[in-house]
Amino acid sequence: MSTSELPSTAGLRPNFIWGVSTSSFQIEGATKEDGRGPSIWDVYCQNGEVKNHDTGDIACDHYHRYREDVALMKRLGVQAYRFSVAWPRVLPQGRGTANEPGLAFYDRLVDELLAAGIEPWLCLYHWDLPQALEDLGGWQNRESAAWFADYTTLVATRFGDRVKRFATFNEPSIFNLFSRSLGKRDRSSEDNLYRATHHVNLAHGAAVDVLRENVQGVSIGCIHNLQPCWPSSGSAADAAAAERLGIYWNDAFPDPQCRGEYPPALRPAIEPHMEPGDMARICRPVDWFGLNHYSPVYVRADATSMLGFDFGEKPAGVPLTPIGWPINPQVFSETLRKVHDNYGLPIYVLENGYGSFDKPDETGAVIDPERIAFLRSYIGAMNAAASSGVDVRGYFIWSLLDNFEWASGYSERFGLTYVDYASLRRIPKSSFHWYADLIKTARLR
Ligand code: FCB
């Protein structure tokens with residue numbers, strides 16, 4: 001592929017970091033091996049809540065194939081790899097006795113990365129809460145902040161000699177908003193949503209302190225999913241629903257964490273769950289803002305559902321990915337600008353990517369020019385934001401591998417690498433080679 005098809009990266013900093021992201025439950029498999037305890041996602045899968053009754057039992061078998069996966073990253077030329085630790089793998093009951101074989105897996109992974117010259121970026125929580133803690137109320141229990149702090153102490157003291165980049169949470173607004181633990185997904189459960197929101201924010205603040213205390217030279221952030229929420233029609237009700245959702249989705253976590261305040265519209269609902277001193281516990285200094293961005297979200301009013309919204313129709317003519325997500329690189333640029341202006345922190349884009357239904361062709365190759373076009377336009381938009389002064393310092397593609405895409409199971413593919421789930425064979429797609437070329441070219445500048 002000729003470099004003329006690469007976007008300009010001239011506006012990016014010289015030491016800009018190119019990476020890829022994954023998460024534990026989505027790739028590891030080995031859910032019953034070496035003493036791992038069950039997570040809430042194992043239970044959702046057992047309960048048949050996932051498309052095609054898919055489970056995480058094998059996933060990409062990364063637990064056994066991590067060497068091959070690190071070798072893929074080396075071929076890509078990424079400088080950094082964002083992964084998450086499965087809390088129930090290292091603390092099967094969520095607290096109490098640590099599971100040495102689980103910790104040893106992450107030792108092996110981290111050592112393999114470092115040997116390949118790839119910096120490990122460790123996310124503490126990418127949605128696989130130990131079921132034992134869910135049984136105690138999960139994030140609705142205020143104690144969850146202390147459980148999370150203890151788990152963070154274990155991870156920080158074990159890996160902090162080799163890992164310096166830590167994220168507390170992945171997308172707190174998303175896993176709370178779509179949590180299956182809140183009760184009925186109607187307005188009667190909104191109070192549970194606000195309670196859990198506050199506790200996750202407290203857990204974030206507690207973890208920041210633990211990391212700062214235990215890891216020399218640590219660099220900390222939280223990863224937020226920011227997407228503008230737009231009404232799907234011109235009606236006033238849809239506009240109000242989009243505004244209400246947007247405030248929760250985009251502001252309920254970064255505002256308290258980075259600015260020490262909940263958005264005014266949420267205060268009356270959250271204040272009943274606050275204790276004196278809580279905001280100071282939440283708003284601890286972080287080093288960067290982790291941004292996940294995919295697309296704008298279209299919203300319609302639904303008076304009966306939680307927060308009074310549902311996803312709405314996308315207006316005719318809006319370009320979509322095969323899985324139906326709007327494509328709008330301009331909004332990516334605007335979102336980067338907004339984060340820069342609102343929070344004033346260095347930004348790392350820790351997820352962006354393209355979901356589709358890739359298949360190998362008759363020669364066995366996986367050719368995905370649409371993903372390349374998407375990445376080219378989004379990276380171009382990021383370059384434009386950087387050129388206008390936005391302090392963006394890294395970009396990580398979701399994802400290294402096709403993987404378990406939550407409620408969609410294995411049906412949706414986001415990888416730069418195709419995974420044949422029957423044989424577990426990895427096939428780099430054409431976007432893989434394109435990204436490798438981009439990184440090489442950008443780093444030569
Ligand atoms: C994000 C999640 C990630 C993956 C991508 C497609 O919201 O953080 O795990 O599912 O979407």
Could you tell me which of the residues LEU424, LEU375, LEU438 is touching a Leu at 6+ places or on another chain (Cβ under 6 Å) and either closer than 19 Å to ARG82 by Cα or away from the ligand (no atom under 12 Å from the Cβ) (or both)? LEU438
Selected residue (criterion: nearest to the chain's Cα centre (by Cα)) from residues of the range 210-244 that are of a type in the set (A, V, I, L, M, F, W, C), assigned to a helix (DSSP H, G or I) and farther than 15 Å from SER295 by Cα: LEU211
Which listed residue is at pLDDT 95 or above and in a loop (DSSP other than H, G, I, E, B), from LEU336, LEU345: LEU345
Subset of the range 388-421 [among the β-branched types (Val, Ile, Thr) and away from the ligand (no atom under 16 Å from the Cβ)]: VAL390, VAL392
Can you spot a residue in the range 166-182 that is away from the ligand (no atom under 16 Å from the Cβ) and under 21 Å from CYS283 (Cβ atoms)? yes
Run THR321 past the list (1) surrounded by fewer than 21 Cβ atoms within 10 Å (Cβ to Cβ); (2) in contact with a Gly (Cβ under 9 Å, 6 or more places away or on another chain); (3) in contact (Cβ under 8 Å) with a residue 60 or more places away in the chain; (4) of a type outside the set (D, E, K, R) and report the number of the one that doesn't hold. (3)
Among helices (runs of 4 or more DSSP H) completely within the range 120-207, the ones holding 1 or more residues that are under 22 Å from GLU271 (Cα atoms) and either out of contact with any strand residue (DSSP E or B) (no Cβ under 8 Å at 6 or more places or on another chain) or aliphatic (A, V, I, L, M) (or both) are 144-159, 172-177
Here the qualifying pairs (Cβ atoms under 9 Å; residues six or more apart or on different chains; first in the range 221-239 and touching a residue at least 24 places away in the same chain (Cβ under 8 Å) and small (Gly, Ala, Ser); second within 16 Å of the ligand (Cβ to nearest atom) and open to solvent by 20 Å² or more (accessible area, probe 1.4 Å)) come out as SER232/PHE311
Name, by its number, the condition in (1) closer than 21 Å to ILE397 by Cβ; (2) assigned to a helix (DSSP H, G or I); (3) open to solvent by 20 Å² or more (accessible area, probe 1.4 Å) that does not hold for GLY117. (2)
One residue is enough: does the range 282-297 have a residue meeting the conditions over 23 Å from PRO346 (Cβ atoms) and among the charged types (D, E, K, R)? no
Going through the range 10-29 one residue at a time, which ones are outside any strand (DSSP E or B), open to solvent by less than 10 Å² (accessible area, probe 1.4 Å) and small (Gly, Ala, Ser)? SER23, SER24, GLY29
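Every residue in the range 308-325 that is within 27 Å of LEU182 (Cβ to Cβ) and either in a loop (DSSP other than H, G, I, E, B) or in contact with a Leu (Cβ under 6 Å, 6 or more places away or on another chain) (or both), please.
PHE309, GLY312, GLU313, LYS314, ILE323, GLY324, TRP325
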Residues to consider are GLY234, GLY221; find the one that is under 29 Å from THR157 (Cβ atoms) and at pLDDT 95 or above. GLY221
What residue, of LEU400, LEU438, LEU444, LEU416, is under 24 Å from PRO120 (Cα atoms) and at pLDDT below 95? LEU444
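From the list THR168, THR152, which residue is hydroxyl-bearing (Ser, Thr, Tyr), open to solvent by less than 20 Å² (accessible area, probe 1.4 Å) and either more than 21 Å from TRP406 (Cα to Cα) or touching an Asp or Glu at 6+ places or on another chain (Cβ under 7 Å) (or both)?
Going through THR168, THR152 in turn, the sole match is THR152.
Could you list, in sequence order, all residues of the range 369-423 that are assigned to a loop (DSSP other than H, G, I, E, B) and of a type in the set (A, V, I, L, M, F, W, C)?
Of everything in the range 369-423, those that are assigned to a loop (DSSP other than H, G, I, E, B) and of a type in the set (A, V, I, L, M, F, W, C) turn out to be VAL390, LEU400, PHE404, PHE414, LEU416, ALA422.
Within the range 77-84, identify whether any single residue is assigned to a helix (DSSP H, G or I) and modelled with pLDDT of 95 or more, and answer yes or no.
No, the range 77-84 has no match at all.
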Single unsatisfied condition, ILE58 versus (1) among the hydrophobic types (A, V, I, L, M, F, W, C); (2) over 18 Å from VAL85 (Cα atoms); (3) open to solvent by 30 Å² or more (accessible area, probe 1.4 Å): (2)
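The values are calculated or read from the model by the stated rules, or taken from the named source; none is laboratory data. Model, not experiment: these values are computed from the prediction. Positions of Cβ are backbone-derived with ideal geometry, glycine not excepted, and every protein chain shown enters the neighbour counts. The protein model used for the area step is the full one, side chains on, heavy atoms only, and it has no ligands, DNA or RNA in it. Shrake-Rupley method; radii C 1.70, N 1.55, O 1.52, S 1.80 Å.
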